[in-house]
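Q: Pasting a structure below so you can have a look.
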Amino acid sequence: MAKVIGLTGGIACGKSTVSQYLRERGLPIVDADIVARQVVAPGSKGLAQIKEIFGWQYILPDGTLNRELLGKKVFADEAMLQQLNAITGPLILAELKRQLQSPEPWVVLDAALLLEEEAYRQLADVVWVVTVREEIQLGRLIARNHYSIQQAKARIAAQMGEEERLQYADAVIDNNGTMEETWRQVEQLCAELFAQ
């Protein structure tokens, strides 16, 4: 059975870029964001449960989930957010476990909430944290998402703090420098891992 590299990091730290590099290197990637969308895809059990509990108004004419409308609703109402998580959480976890079954020696679990979710953390054999200085993170977030500085700071503050995240790290990928410097660190980590 494959061993799992849990890859995580704060918003706009470069986790997705590192994940893409690992994919190009030939490692299988299981992306928790993609899985979260798959479990509420048209025809899925998750979408049927959302429709039943929250109503038809959250389904678009093409049969897909109106994520924006539902997001506005649940993030304004803690009880509704808990209800939604009770539907999607177990489905996401089951699908992650299924997709992590691989004949390869290592598979990457790319998950922003790897460390916030105990059940996700337990799936990882090693944890790699991608890190970047806050001013770089803020700049990237403002440029990428067109947030104001206040919105960007609020998004960062809503996540687990960097110090706490680093306590779980088996390895840290410092993404403050050039892409080449980041790749060298990733290559070194891969070489150490595959030598075991």
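Q: For Val30, state whether it is open to solvent by less than 20 Å² (accessible area, probe 1.4 Å) and under 30 Å from Thr182 (Cα atoms).
A: Against the criterion (open to solvent by less than 20 Å² (accessible area, probe 1.4 Å) and under 30 Å from Thr182 (Cα atoms)), Val30 qualifies.
Q: I need the full set of residues from the stretch 160-173 which are more than 9 Å from Thr131 (Cα to Cα) and open to solvent by 50 Å² or more (accessible area, probe 1.4 Å), in order please.
A: Glu163, Glu164, Gln167, Tyr168, Asp170
Q: Ser19 fails exactly one of the following numbered conditions: (1) surrounded by 16 or more Cβ atoms within 10 Å (Cβ to Cβ); (2) at pLDDT below 95. What is the number of that condition?
A: (2)
Yes/no matrix, rows are residues, columns are (1) open to solvent by 20 Å² or more (accessible area, probe 1.4 Å); (2) more than 21 Å from Ala94 (Cα to Cα); (3) among the aromatic types (Phe, Trp, Tyr); (4) touching an Asp or Glu at 6+ places or on another chain (Cβ under 9 Å):
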{"site": "Ala41", "(1), (2), (3), (4)": "yes, no, no, no"}
{"site": "Ser44", "(1), (2), (3), (4)": "yes, no, no, no"}
{"site": "Leu60", "(1), (2), (3), (4)": "yes, yes, no, no"}
{"site": "Phe75", "(1), (2), (3), (4)": "yes, yes, yes, no"}
{"site": "Ala79", "(1), (2), (3), (4)": "yes, yes, no, no"}
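Q: Inside the stretch 168-196, can you point out the residues that are assigned to a loop (DSSP other than H, G, I, E, B) and more than 20 Å from Arg23 (Cβ to Cβ)?
A: If the condition is that a residue be assigned to a loop (DSSP other than H, G, I, E, B) and more than 20 Å from Arg23 (Cβ to Cβ), then Tyr168, Ala169, Asp170, Asn176, Gly177, Thr178, Gln196 are the ones that fit.
Q: Just one of (1) closer than 20 Å to Gln185 by Cβ; (2) within 16 Å of the chain's Cα centre (by Cα) trips up Met160, so point out which.
A: (1)
Q: Evaluate the following for Leu69: is it among the hydrophobic types (A, V, I, L, M, F, W, C) and open to solvent by 70 Å² or more (accessible area, probe 1.4 Å)?
A: Judged against the criteria, Leu69 is a match.
Q: Continuing with this model, one more query. Could you check, for the stretch 59-68, whether at least one of its residues is among the polar types (S, T, N, Q) and under 24 Å from Glu117 (Cβ atoms)?
A: No, there is no match, as no residue in the stretch 59-68 is among the polar types (S, T, N, Q) and under 24 Å from Glu117 (Cβ atoms).
Q: Evaluate the stretch 39-59: report whether one residue or more is under 21 Å from Arg144 (Cβ atoms), among the β-branched types (Val, Ile, Thr) and assigned to a strand (DSSP E or B).
A: No, every residue in the stretch 39-59 fails to be under 21 Å from Arg144 (Cβ atoms), among the β-branched types (Val, Ile, Thr) and assigned to a strand (DSSP E or B).
Q: Any residue in the stretch 120-142 that is of a type in the set (Gly, Ala, Ser), open to solvent by less than 60 Å² (accessible area, probe 1.4 Å) and in a loop (DSSP other than H, G, I, E, B)?
A: Yes, the stretch 120-142 contains at least one residue that is of a type in the set (Gly, Ala, Ser), open to solvent by less than 60 Å² (accessible area, probe 1.4 Å) and in a loop (DSSP other than H, G, I, E, B).
The values are calculated or read from the model by the stated rules, or taken from the named source; none is laboratory data. What you see is a predicted model; the values in this text were computed from it and never measured. Heads up, the Cβs are rebuilt from the backbone with ideal geometry, glycines too, and the neighbour counts pull from every protein chain shown. Keep in mind that these areas ignore ligands, DNA and RNA; they rest on the heavy atoms of the full protein, side chains included. Shrake-Rupley method; radii C 1.70, N 1.55, O 1.52, S 1.80 Å.
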